Amino acid sequence: MDALIPLLPFAAFVVIGLGDLFGRGFGPRAHWIAVPAVFGSLLLSLVAFGSVLSDGPHDLTLYTWAVSGTFRASIGIHIDALTAVMLLLVTIVSGLVHLYTVGYMHGDRGYARFFAYIGLFTFSMLMLVMAANLLQLYIFWEAVGLCSYLLIAHWYERPSAAAAATKAFVVNRVGDFGFALGIFLIFRLVGSLDYDQVFAELPKHAGETISIAGFELPAVTLIALLLFMGAVGKSAQLPLHVWLPDAMEGPTPISALIHAATMVTAGVFMIARLIPIFSLSPAAMSVVAATGAATALFAATIALTQNDIKRVVAYSTVSQLGYMVMACGLGASMAGIFHLLTHGAFKALLFLCCGSVIHAMAGEQDLRKMGGLKSRLPVTYGTFYIGALALAGIPPLSGFFSKDEILFRAFLSGGTGILFWGVGVATAFLTAFYSFRLIYTVFHGPSRVDPKVAASLHESPPVMTIPLIVLAVLSVTVGWAGLPVAGWNGIEAALGPVLSPAESSEPDSGLPAGQAGLLLPLMGVSVAVALAGWMTARYFYLTRPELPGRLAARAAALYRLSLNKWYVDELYDRLVVRPTTRLADRLWRTVDVQTIDEAVNGVGGSTLAGARVLRLLQSGQLQHYALVMMVGTFVILTVYLIAQ
Amino acid sequence: MNENMGHILTVLIFLPLAGAIVLAFFPGNDAGVRRIALGLTAATFLFSIPLLWGFDVSTHEMQFVERVPWIPSFHIEYAVGVDGISLLFVLLTTLLAPICVLASWISVTARVKEFMIALLVMEAAMIGVFVSLDFVLFYVFWEAMLIPMYLIIGVWGGPNRIYAAIKFFLYTLAGSLLLLVAILVLYFAGGRTFDILHLMGQPYPATVQFWIFWAFFLAFAIKVPMFPFHTWLPDAHVEAPTAGSVILASILLKMGGYGFLRFCLPMVPQASRSFTKFILVLSVIAILYGAYMALAQTDLKKLIAYSSVSHMGFVTLGIFVLNAQGIEGALLQMVNHGITTGALFLLVGMIYDRTHSRQITDYGGIARPMPRYGAMLVIFALSSLGLPGMNSFAGEFLVLLGTFMTHAGLAVLATLGVILAAVYLLWMVQRILFGPITTSDNARLTDLGMREMAILVPLVLLVFGIGFYPDPLLSLMHASVDHLLAQVNAAAPLQLSEVWVRP
């Protein structure tokens, strides 16, 4: 039964894909295969979830992928509580996105292909979370990246989409370079890639160093950092975040499913899954936390000024992923996973709402050409509002509980924890601000909509609005699974046994005395900051709409820095992309063409010349080939005999 | 155990050869010639499949062995057999031969009969190389391969074919000569025999080992080709017709890797072990340098040719790390490279048949008029860049894993090649398939037809089959690779001081 969870979407992919490639395809009927498959998978995931929570983990080895020497790896299905919640997240969001796609992609010439790819994605993502060893994790880690590539390039005729797809894959490959090396190093130390064995054996190597190219490096810290490199790529953390905003070139359902709710959270999932490895190295954990915190704040500053509706939400995703990574780095991976779940709901909602707006606006994504849409798109407006409230962290919506949990854990983590808490709070303010900037510029105020577009403004069909409503309900309620009240914290009850035994700090059952008292004051700070961000946005974009422009003019340098995303892309272009292509070109011309080939042609030329002379001697009849062969043989045999 | 298939290897060698002779006297037209060639190669492939069922994975001994005295006065035998190292190459050859015939179906119009004869002779010789257990027999096949390949490039090639053919010929001939010398030396030093199995594990003097190693090294390094002996490859590929490129990339390059495994390691293990570091470094250079070269190319065939240099770097890397993951990964990588790079050259040929251009800049956006072509190019590009779930990943992963066990620094550098592969291949895909259509001619391109899909689909199935489940192929290799490793690792590395002492 468990095997069917990934196999149903895979079957949908195969059937639709083959139909598209060889026959006339399923065309506009492709969803009749894809949607039932993913909902079947959702039902089975619910069953698995219930059974795992009551009876413990499921384990099933499907087959042995490869054996070579002492290396052995299998493909299988491992479902524990962490996997089970991920299964639910993936199948629910994927199911809703499938439905939404029926409306959003209606009439697209790549309709069937699109369904085939999201089926493949769903399969790969499910296999990723169900892995019981690092090899399977890695295989499907790259497979979801492939789906991301294919779907970003869905509208491949747009040069920007084609470039964004390549960029996404290559940047992820940079991260995966580290991931792969981490896997090799684990195998070298432990001799196995199975989670159980690695978790059991690796602590024994805690103090060891490994010599690489003459450097003595602490092995376990190095492993954690290399694995983290993979997470940095996949979860778009600094400095490999550059692919995610560009990935918005893909159709919006993909932005919701892959580039917000599921695939990009794989990095966070990976850290949580491998927390027994990470927690062996406090140094690596600090790097993880610092990277997360820096990314959270950095991306939030960019989200403030973007004019493309999807880019705002995309940078918001980068920022929220930063929160999750920071939580993991601070030893609070449970809070990170909690935020991953709530974020999955409200960010998928926000993206699908963006899609609904874009759909209504006939493809327009520029905030400066929106405004006053709330009466024309009432359902989208209402659900978007709920998504923004959740993202901003307004109680009692889901984002509040998970974000507050992260901030609380940061504050308690001691040492520099207070600093992380400060960054988190500052980011929370910015988050609330840009969330409501979106609401006010899109839905409130005077309409700046192109008159031609305005005439055809329409609310999306039910097949799109129903997923919005379901996600809105989830965005409100998912957080209640993790109420910070003893006995009411379902997240802790479910995930605690999986995640906290290895957690470095305190046992998670209840808070130590003295810290419980901090809970309410800190919660108060979170609420106050979120409200402050909201009200500032309200003041800027509703009360005094001329203010943002004036402020931008006053602080022009800062504004440009944010608008141009801190010029990171330009920096990479100068420092990496152009030097690489130039080096390749130079090397080819100087080494291959000018040096080696010249030398070879010289040898070849002299041989031919020599042969021409010899051929004269032999009246031109002897085969060039046979001659050279015989002469060579003779010469070298002579040398050998003399040496004897 | 496999007596009931007594002469299967002989059949595989002589069926195409006999076919070539029959074809030479065949009076019919070109269409008939094509059909006969296809029938012969397909039959050879079908006859080769029982090798898989009859193969005993539990032993490293040669199987399906046949021995007949040939020139008794010099102890030269007709001796053939396969083990876990050669088996897959035989199958790869028989699989690709009919594909090459199909790929030449419409693109070769001049001297069709002669072309098909060359292909059939080529097939026989290639199978012969992989199954020979006698050094003279081996060398006959090894040289016999050279002539049809020379003709395929020189007669049916592109505008600059003569230069390319001669360059190919000289490079490989240089290697062949050294190989011949090495064979003769081994004959005298190993007890006056050309029996390949007998020549393994003999206590050759240090000086002999030293010189034989270098002769082997040059012969096989040119074939692989390793940096800096690779510059014949891009030229040969660019000028060769599609079938020539496929044979070259898929089979001929493998002879280098096969040579290292069959001769160099087991016959001169001490010398091999003392120069591993040197070869490992050259391999890593090939991986990175080949990738950089591929990045700079504007001609599709050159791009793929340089990517071969990079990918074959993983092969030599894996062979000379001298552990099970490395060698099995290298063998798998050779099979995978044969499938994937062969397919990429087929795809270049298919588009060239339509537009007569290999320049990347002449394309753009052709996924719209040619969706099937787009799907195929994406699949094989992804396979080539080592995407997990596809064939090449399994081989590269094992090679890198094996390398990391003993040479972590080199493994780090080699892994960088995997990033570069993604860059040059996806950039190629982006420039050819994506973006807007640039010319009206390209907008009217016709998509792949049934013949072309029939060529590619078996390769696609192998790409995913091996990618999802490489273990069956690996299990064919275990016994032979373990035995080889035992042979090599029992020998102490050669000390250079021994080499210079006269016996």
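Quick notes on this structure:
- Unmet criterion (only one of (1) modelled with pLDDT under 95; (2) within 13 Å of another protein chain (Cβ to nearest Cβ)) for A:Phe114: (2)
- Residue-level check: of (1) of a type in the set (Phe, Trp, Tyr); (2) within 12 Å of another protein chain (Cβ to nearest Cβ); (3) part of a helix (DSSP H, G or I), A:Phe49 misses just (2).
- Flag for A:Leu297 being in the same structural domain as A:Asp404 (by TED's automatic domain parsing), assigned to a helix (DSSP H, G or I) and under 22 Å from A:Ile254 (Cβ atoms): no
- Considering the conditions (1) among the polar types (S, T, N, Q); (2) in contact with an Asp or Glu (Cβ under 8 Å, 6 or more places away or on another chain); (3) away from every other protein chain (no Cβ under 11 Å), B:Ser176 is excluded by exactly one of them, (3).
Residues checked against (1) under 30 Å from B:Pro159 (Cα atoms); (2) touching a Lys or Arg at 6+ places or on another chain (Cβ under 6 Å):
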site	(1), (2)
B:Val315	no, no
B:Asn323	no, no
B:Leu331	no, no
B:Val348	yes, yes
B:Arg358	yes, yes
B:Met370	yes, no
B:Gly374	yes, no
B:Ser384	yes, no
B:Glu396	no, no
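- Residue match in segment A:187-199 (condition: touching a residue at least 60 places away in the same chain (Cβ under 8 Å), within 11 Å of chain B (Cβ to nearest Cβ) and either touching a Lys or Arg at 6+ places or on another chain (Cβ under 6 Å) or closer than 17 Å to A:Arg273 by Cβ (or both)): yes
- Residue match in segment A:374-394 (condition: touching a strand residue (DSSP E or B) at 6+ places or on another chain (Cβ under 9 Å) and either closer than 26 Å to A:Ile469 by Cβ or surrounded by 24 or more Cβ atoms within 10 Å (Cβ to Cβ) (or both)): no
- Where helices (runs of 4 or more DSSP H) fall entirely within segment B:431-503, those with at least 2 residues that are farther than 29 Å from A:Val67 by Cβ and either at the interface with chain A (Cβ under 10 Å from one of its Cβ atoms) or in contact (Cβ under 8 Å) with a residue 60 or more places away in the chain (or both) are at B:440-443, B:450-468, B:496-499.
- The set of residues from segment A:342-360 being among the aliphatic types (A, V, I, L, M) and crowded, with 24+ Cβ neighbours inside 10 Å comprises A:Ala345, A:Ala348, A:Leu349, A:Leu350, A:Leu352, A:Val357.
- Matching residues, segment B:379-406, being more than 8 Å from every other protein chain (Cβ to nearest Cβ) and surrounded by fewer than 24 Cβ atoms within 10 Å (Cβ to Cβ): B:Ile379, B:Thr406
- Checking B:Met428 against (1) within 25 Å of B:Ile366 (Cβ to Cβ); (2) free of Cβ contacts under 8 Å to residues at least 60 places away in the same chain; (3) among the hydrophobic types (A, V, I, L, M, F, W, C), the condition it does not meet: (2)
- Listed by position, the helices (runs of 4 or more DSSP H) inside segment A:236-293 whose residues that are touching a Phe, Trp or Tyr at 6+ places or on another chain (Cβ under 8 Å) and either β-branched (Val, Ile, Thr) or buried (at least 23 other Cβ atoms within 10 Å of the Cβ) (or both) number at least 3 are A:252-256, A:266-273.
- Failed criterion for B:Trp142 (all others in (1) surrounded by 23 or more Cβ atoms within 10 Å (Cβ to Cβ); (2) more than 27 Å from B:Ser107 (Cβ to Cβ); (3) more than 14 Å from chain A (Cβ to nearest Cβ) hold): (3)
- Verdict on A:Gly610 being over 49 Å from the mean Cα position of the chain (by Cα), facing chain B (nearest Cβ under 8 Å), surrounded by 11 or more Cβ atoms within 10 Å (Cβ to Cβ) and at pLDDT below 80: no
- Consider segment A:126-168 and keep the residues that are of a type in the set (Ser, Thr, Tyr) and facing chain B (nearest Cβ under 7 Å). The one that is nearest to A:Phe179 (Cα to Cα) is A:Tyr138.
- Only one of the listed residues (B:Phe213, B:Phe168) is touching a residue at least 40 places away in the same chain (Cβ under 8 Å), more than 19 Å from B:Asn489 (Cα to Cα) and surrounded by 21 or more Cβ atoms within 10 Å (Cβ to Cβ). That residue is B:Phe168.
- The listed residue being of a type in the set (A, V, I, L, M), modelled with pLDDT of 85 or more, touching a helix residue (DSSP H, G or I) at 6+ places or on another chain (Cβ under 6 Å) and assigned by TED's automatic domain parsing to the domain that holds A:Pro395, out of A:Leu551, A:Leu531, A:Leu558, A:Leu522: A:Leu522
- Segment B:407-417, subset more than 7 Å from chain A (Cβ to nearest Cβ) and buried (at least 24 other Cβ atoms within 10 Å of the Cβ), residue nearest to A:Arg72 (Cα to Cα): B:Ala414
- Any helices (runs of 4 or more DSSP H) falling wholly within segment B:250-301 and containing at least 3 residues that are among the hydroxyl-bearing types (Ser, Thr, Tyr), closer than 30 Å to B:Leu425 by Cβ and out of contact with any helix residue (DSSP H, G or I) (no Cβ under 6 Å at 6 or more places or on another chain): none
- Which listed residue is surrounded by fewer than 15 Cβ atoms within 10 Å (Cβ to Cβ) and in a helix (DSSP H, G or I), from A:Val473, A:Val498, A:Val478: A:Val473
- Filter pass, B:Ile247 being assigned to a helix (DSSP H, G or I), surrounded by 23 or more Cβ atoms within 10 Å (Cβ to Cβ), more than 14 Å from chain A (Cβ to nearest Cβ) and of a type in the set (Val, Ile, Thr): yes
- Any hit, segment A:590-606, residues being within 11 Å of another protein chain (Cβ to nearest Cβ) and modelled with pLDDT under 65: yes
- Taken over segment A:204-221, residues that are assigned to a helix (DSSP H, G or I) and touching a residue at least 12 places away in the same chain (Cβ under 8 Å) amount to 4.
The values are calculated or read from the model by the stated rules, or taken from the named source; none is laboratory data. As the structure is a prediction and not an experimental result, all values here were calculated from the model. All Cβ positions, even for glycine, are placed from backbone atoms using ideal geometry, and neighbour counts span all protein chains on display.
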